[in-house]
1. Could you check how many residues of the range 180-200 are modelled with pLDDT of 90 or more, surrounded by fewer than 17 Cβ atoms within 10 Å (Cβ to Cβ) and closer than 22 Å to Val144 by Cα?
2. Given the structure, is Val80 touching a strand residue (DSSP E or B) at 6+ places or on another chain (Cβ under 9 Å), touching a residue at least 12 places away in the same chain (Cβ under 8 Å) and under 30 Å from Asn147 (Cβ atoms)?
3. Taking the condition closer than 21 Å to Arg197 by Cβ, in contact with a Leu (Cβ under 6 Å, 6 or more places away or on another chain) and in the same structural domain as Leu193 (by TED's automatic domain parsing), does Ile89 pass?
4. Looking at the range 57-66, which of its residues are more than 19 Å from Arg24 (Cβ to Cβ) and surrounded by 15 or more Cβ atoms within 10 Å (Cβ to Cβ)?
5. Looking at (1) in a loop (DSSP other than H, G, I, E, B); (2) at pLDDT below 85, can you tell me which one Lys177 breaks?
6. Could you grab the pairs with beta carbons closer than 8 Å, sequence gap of 6+ or different chains, first residue in the range 144-168 and in the same structural domain as Phe134 (by TED's automatic domain parsing) and aromatic (Phe, Trp, Tyr), second one modelled with pLDDT of 85 or more and outside any strand (DSSP E or B)?
7. Just to be sure I understand, how many residues within the range 1-18 are more than 22 Å from Arg192 (Cα to Cα) and in contact with a helix residue (DSSP H, G or I) (Cβ under 7 Å, 6 or more places away or on another chain)?
8. Go through the range 1-41 and report how many residues are assigned to a helix (DSSP H, G or I) and among the polar types (S, T, N, Q).
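The values are calculated or read from the model by the stated rules, or taken from the named source; none is laboratory data. Quick caveat, the model's predicted, so the values are computed rather than measured. In this analysis, Cβ positions are derived from the backbone assuming ideal geometry, glycine residues included, and neighbour counts consider all displayed protein chains.
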Amino acid sequence: MKIKTYVGKIDKEQILREESELIRLLPDWRKEKALALKNDGARAQSIAAGLLLTKAISEYGTEPQYFNITHSGDYVAVIVGDAPVGIDIEHKDDKRFKVTDRMFTESEMSYIHSADEEEGQCRFRDVWSMKEAFLKCIGIGIVVPLNTFTGTTISSANDIKSDGMIKIFMDDNLPEKLRDFSSTDYYYKTTRLEAGRYSLTTCSTAKM
């Protein structure tokens with residue numbers, strides 16, 4: 001299996017200054033998506049992500065069967081491969097640091113709250129990005145309870161490993177949308193950028 005990940009830090013102001021030229025370099029579907037965004041920052045992110053995807057596809061060698069895009073803050077990231085893939089990046093300012101049993105499992109909450117506030121926020125972003133990357137990998141988005149699956153290495157307050165396998169909890173409450181994926185192995189890898197201000201997770205059915 002061939003999986004490649006690309007991560008880039010962007011200058012939104014420069015992208016907006018060169019917007020008309022850069023837009024022309026995008027495929028039509030990405031161009032339409034970017035132009036539909038009224039917020040300047042979001043449009044700059046979308047343009048940058050489209051350019052990075054174009055670069056990733058050109059360097060892959062052949063047309064990748066799967067790809068996924070994410071952007072947050074000053075970063076954009078793309079993953080391409082010949083197996084299902086998902087990618088998510090979370091920025092310090094993206095989400096309020098709040099953990100509930102509706103979103104996280106008991107072991108995840110213990111893992112997050114066992115650290116001081118700063119590290120706890122980093123762990124929150126690690127776990128959140130892992131969950132989003134998995135849901136993007138299987139193509140369903142956040143339409144199922146986030147506490148119905150977890151990363152296998154998040155098992156205790158002292159466990160700070162950043163890669164492992166996704167575990168789906170098989171019980172009567174498991175949504176049908178997840179049940180279809182329970183027989184497949186999914187692997188994830190989480191990386192922190194800028195001293196934990198960003199958490200980036202990739203997920204795939206192939207080991208990375």
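1. Within the range 180-200, residues that are modelled with pLDDT of 90 or more, surrounded by fewer than 17 Cβ atoms within 10 Å (Cβ to Cβ) and closer than 22 Å to Val144 by Cα number 2.
2. no
3. yes
4. Across the range 57-66, the qualifying residues are Tyr60, Pro64, Tyr66.
5. So the condition that Lys177 fails would be (1).
6. Going by the 8 Å Cβ cut-off, the qualifying pairs are Phe149/Lys131; Phe149/Phe134; Phe149/Leu178.
7. Selection size over the range 1-18: 2.
8. Number of matching residues: 2.
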